[in-house]
């Protein structure tokens, strides 16, 4: 139980101390756990382990020899001075292994703790799987824990609210249909001041590309829609955007364990593209959304591969530059360093394409170390940043090692940090402010728009 001091509740987890006046950092966890019975917990765990995980879970649990070689791969472990509780195997032992060993006979308090560990102390970045001698996917095991906790109603409040937004509006920001169209019209008018003939085509059947984005773009970052429209226009791309739900490719339900909503969101996305008869979907700069459409949401729906090819913005920029459809007027002069998003690089293998793009548009790339598939996670992905303000300090303290990595790149001359992923962008901004890094953070599209040739 928390100690109290002057009306402020204080919670301890290792070296962590969280404070929230007038409430609790466990909002959504405590209330959910209060409704549980041990009988219900046992039934749900049994349902998931026997009915949804199958041989994969059994193989992982029986193969792991508890060697701890995954530990050094985890930014939480490294950032907490090698505390074994924050190691990947340590987190599994505190959660799923106990559920399996005790055949689901665990307490509501245990479920609350397991949900906090799985949802806020693991980014599902899969770096640990690269260092496991048996290739055990610990991120998958943590997602199984989240699935169990979701079915029990014990999920951090903020991310659950985001999943509800997906369920109601098919986007993560509660953007209404008319707000979506109004924003596109506004950005079209803004862009026409620069290119009078530019249009953002809606509901165009048979286009080569359906361009899809995530909810924060129309809600908070409309300039990214502007930039994308200019890039499309200058490159002469035959493209469209939907006027209906299905435009948002993000999916926080994937990370709450609500696979049912995940499937609804992905089906809407793919069926919108099918309805418009487009040849492929091009996504904006988002990593978790990319993972959802190429690896998780499609498989939950029974598609081994997506029914329509999915192209991340990195690959799209690569194609435009490689084919000469976009020409560079003058390279970006300020030295940059490049963050490799987990779901795009480790998951999607776009490390060479991203470097081709950055080297084409920038004068100097200062590589951070480690890089490519060995890069440290931003600590925002996997739904962790969406768990909200109560867990912000946990994220900051959980990624000291990333700050050290960025300080080293800055010491070698980098002044701009490129992060081609929305979650990474937001997470790295938090890290930069918390650790006083003094690095400006940009998307690839920000720089490409700035340096490309445009009509006079």
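Going through (1) surrounded by 24 or more Cβ atoms within 10 Å (Cβ to Cβ); (2) outside the structural domain of residue 165 (by TED's automatic domain parsing); (3) assigned to a loop (DSSP other than H, G, I, E, B) one by one, residue 317 falls short only on (3).
Conditions (1) farther than 22 Å from residue 286 by Cβ; (2) crowded, with 19+ Cβ neighbours inside 10 Å, marked per residue:
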residue: 140; (1), (2): no, no
residue: 148; (1), (2): yes, yes
residue: 159; (1), (2): no, yes
residue: 164; (1), (2): no, no
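Anything in the stretch 156-174 that is in contact (Cβ under 8 Å) with a residue 12 or more places away in the chain and over 19 Å from the mean Cα position of the chain (by Cα)? List them, or say none. Selection gives 169 alone. If you go through the stretch 294-311 one residue at a time, do you hit one that is surrounded by 24 or more Cβ atoms within 10 Å (Cβ to Cβ), under 20 Å from residue 172 (Cβ atoms), under 22 Å from the mean Cα position of the chain (by Cα) and touching a residue at least 60 places away in the same chain (Cβ under 8 Å)? No, because not a single residue in the stretch 294-311 is surrounded by 24 or more Cβ atoms within 10 Å (Cβ to Cβ), under 20 Å from residue 172 (Cβ atoms), under 22 Å from the mean Cα position of the chain (by Cα) and touching a residue at least 60 places away in the same chain (Cβ under 8 Å).
Among all positions in the stretch 324-337, there is at least one residue which is buried (at least 21 other Cβ atoms within 10 Å of the Cβ) and under 27 Å from residue 407 (Cβ atoms). In a residue-by-residue description of the stretch 420-438, the property of being without any contact (Cβ under 8 Å) to a residue 40 or more places away in the chain, part of a strand (DSSP E or B) and buried (at least 19 other Cβ atoms within 10 Å of the Cβ) applies to no position.
Residue-by-condition table, conditions (1) more than 22 Å from residue 35 (Cα to Cα); (2) touching a helix residue (DSSP H, G or I) at 6+ places or on another chain (Cβ under 9 Å); (3) surrounded by 24 or more Cβ atoms within 10 Å (Cβ to Cβ); (4) in the same structural domain as residue 391 (by TED's automatic domain parsing):
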position	(1), (2), (3), (4)
53	yes, yes, no, no
68	yes, yes, no, no
73	yes, yes, no, no
80	yes, yes, no, no
85	yes, yes, no, no
88	yes, yes, yes, no
91	yes, yes, yes, no
103	no, yes, no, no
110	no, yes, no, no
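The residues of the stretch 119-138 that are outside any helix (DSSP H, G or I) and buried (at least 23 other Cβ atoms within 10 Å of the Cβ), listed by number, are 121, 122, 123, 124, 125. Of everything in the stretch 168-196, what is more than 18 Å from residue 249 (Cα to Cα), in contact with a helix residue (DSSP H, G or I) (Cβ under 8 Å, 6 or more places away or on another chain) and not in a helix (DSSP H, G or I)? Give them in sequence order. Hits for the stretch 168-196 are 194, 195.
Each row is one residue, and each column tells you yes or no for (1) modelled with pLDDT under 95; (2) within 26 Å of the chain's Cα centre (by Cα); (3) part of a loop (DSSP other than H, G, I, E, B).
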| site | (1), (2), (3) |
| --- | --- |
| 51 | yes, no, no |
| 59 | yes, no, no |
| 85 | no, yes, no |
| 103 | no, no, yes |
| 113 | no, yes, no |
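The values are calculated or read from the model by the stated rules, or taken from the named source; none is laboratory data. These figures come from a predicted structure and were not determined experimentally. Quick reminder, even Gly has a Cβ in these numbers, built from the backbone with ideal geometry, and neighbours come from all protein chains shown.
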